[in-house]
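Novice: One structure coming up, written as structure tokens, with questions to follow.
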Amino acid sequence: MAATERKLFGTDGVRGEAGTFLSAELATALGRAVTTELDAQRPVIWNIGALAVSGHPKALELFRRVLRASTAIPGAFSPIRYRDHYLADGAISSNTPIQVAVKKGATRLIILPTGHACANQAPPVGAVANAMHALTLLIARQLVNELEALGPDIEYFVVPPLCPLVGSPYDFSRTADHIERAIRSTDAWLTQHGLQQGKIPHEMRLHSH
């Protein structure tokens, strides 16, 4: 299937943002990114920090492509082609790559989940909105399952996501408000010694208002 047949919205806007804001300096500061290879249905882990300092003439372009692929939500954005593979959002196979971090030797994890719309007064309107909402619920459940399966030798701290939360995952009209709320709630969590309390916040579990 051609890439143009796999999308609802294009990635031109994301491509523009990537070209504006993503630099070699930013790539070096970041660690790894996760995408999903759609054909093989498996996660693909990218060491973008190492890529940035590799000296390869196309390293920055590949870094930007990987970041675009990692945000290519199926059904909303087209996958990104790399060689003979199609890459999409890592959330499909590993939204919060906990096991990736553990396998790389991490023993202390700090997790920043995005949460899910828990306070909508009515179901989302439209097929895409409903599919996206369902995906966020699955992702939230997947994260809780992965955290509960961790061994006692792994410390983890989860920043509580926004709650109550309304809207759609692809409705960006509330972005500024969400950012401001997230700053306040995270500051409060830190003040309350959140980094000393290894537990799954109730906001992560499926609930309603």
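The values are calculated or read from the model by the stated rules, or taken from the named source; none is laboratory data. Because the structure is a prediction, the values reported are computed rather than measured. Cβ coordinates were reconstructed from backbone atoms using ideal geometry, including for glycine residues, and neighbour counts include every protein chain displayed. Please note that ligands, DNA and RNA were not included when accessible areas were found on the heavy atoms of the full protein model with its side chains. Shrake-Rupley method; radii C 1.70, N 1.55, O 1.52, S 1.80 Å.
Novice: In whole Hz, what ³J(HN,Hα) sequence does the range 192-207 give by Karplus (6.51, -1.76, 1.60; θ = phi - 60°), x for Gly and Pro?
Specialist: 8, 6, x, 6, 10, 10, x, 8, 8, x, 4, 5, 7, 7, 4, 7
Novice: So, one more: Rounded if a/c is under 1.5, else prolate if a/b beats b/c, else oblate: with a ≥ b ≥ c from the C-alpha gyration tensor eigenvalues square-rooted, which is the range 72-148?
Specialist: It is oblate, given that a/c is not under 1.5 and a/b is not larger than b/c.
Novice: So with the 1.4 Å probe, I'd like the accessible area per residue for the chain, rounded to whole Å².
Specialist: For the chain, the per-residue accessible area is 58 Å².
Novice: Can you tell me the order of 78-86, 180-188 when each peptide is scored by its average per-residue count of other Cβ atoms within 10 angstrom, highest first?
Specialist: 78-86, 180-188
Novice: Further question: Once amide H atoms are placed 1.01 Å from N in the peptide plane, what residues at a sequence separation of 5 or more from residue 75, or on another chain, have their amide H within under 5 Å of its amide H?
Specialist: Long-range HN contacts for residue 75: 8.
Novice: Calculate what fraction, in whole %, of the accessible area of the chain sits on carbon and sulfur atoms when a 1.4 Å probe is rolled over the protein chains.
Specialist: That share works out to 57 percent.
Novice: Here is a follow-up. Using the crude model of +1 on Lys and Arg Cβ and -1 on Asp and Glu Cβ, and no other charge, please compute the dipole size for the range 98-209 relative to its Cα centre, in debye to 20.
Specialist: My answer is approximately 120 debye.
Novice: Of 120, 59, 96, which is farthest along the charge dipole of the chain in the positive direction, counting Lys and Arg as +1 and Asp and Glu as -1 at C-beta?
Specialist: Of the options given, the answer is 59.
Novice: What shape does the range 29-125 have by the C-alpha gyration tensor, where a ≥ b ≥ c are the square roots of the eigenvalues, rounded means a/c under 1.5, and otherwise prolate means a/b greater than b/c and oblate the rest?
Specialist: oblate
Novice: Could you work out [θ]222 nm for the chain from helices alone, using -39500 (n - 2.57) per DSSP H run of at least four and dividing by all its residues? Round to the nearest 500 deg cm²/dmol.
Specialist: That comes out to -11500 deg cm²/dmol.
Novice: Taking the simple approach of a point 7 Å from Cα along Cα-to-Cβ for both residue 155 and residue 40, what is their distance in nm?
Specialist: If labels sit at residue 155 and residue 40, their model points lie 3.5 nm apart.
Novice: Can you give the extra length, in nm with one decimal, that the chain gains between residue 185 and residue 81 once fully stretched, where that is 0.36 nm per residue apart less the Cα-Cα distance?
Specialist: 33.6 nm
Novice: Let me ask you something else. Please report the spacing between the Cα centers of the range 110-124 and the range 135-209 in Å, no decimals.
Specialist: About 9 Å separates the Cα centre of the range 110-124 from the one of the range 135-209.
Novice: Could you sort 40-48, 68-76 so that the peptide with the highest average Cβ count within 10 Å comes first and the rest follow in order?
Specialist: Going by the mean number of other Cβ atoms within 10 Å, highest first, we get 68-76, 40-48.
Novice: So, one more: Subtract the Cα-Cα distance of residue 209 and residue 111 from 0.36 nm times their separation in residues, and report this length gain in nm to one decimal.
Specialist: Contour length minus the Cα-Cα distance gives 32.9 nm.
Novice: Nearest 20 debye, what's the magnitude of the dipole of the chain about its Cα centre given +1 on Lys and Arg Cβ and -1 on Asp and Glu Cβ?
Specialist: In total the dipole reaches around 280 debye.
Novice: Ok, one more. Provide, for q = 0.22, 0.28 Å⁻¹, the log10 of I(q)/I(0) from a solvent-free Debye sum over equal Cα point scatterers in the range 158-209.
Specialist: At q = 0.22, 0.28 Å⁻¹ the computed log10 ratios are -0.92, -1.16.
Novice: While we're on this one: For the range 50-65, take each phi angle, set θ = phi - 60°, evaluate the Karplus expression 6.51 cos²θ - 1.76 cosθ + 1.60, and give the result in whole Hz per residue in order, putting x for glycine and proline.
Specialist: Computed from phi, the couplings for the range 50-65 are 5, 4, 5, 9, 6, x, 5, x, 10, 4, 5, 5, 5, 4, 5, 5 Hz.
Novice: Separate question: Where a ≥ b ≥ c are the square roots of the eigenvalues of the C-alpha gyration tensor, would you call the chain rounded, which needs a/c under 1.5, or, failing that, prolate if a/b is larger than b/c, or oblate?
Specialist: oblate
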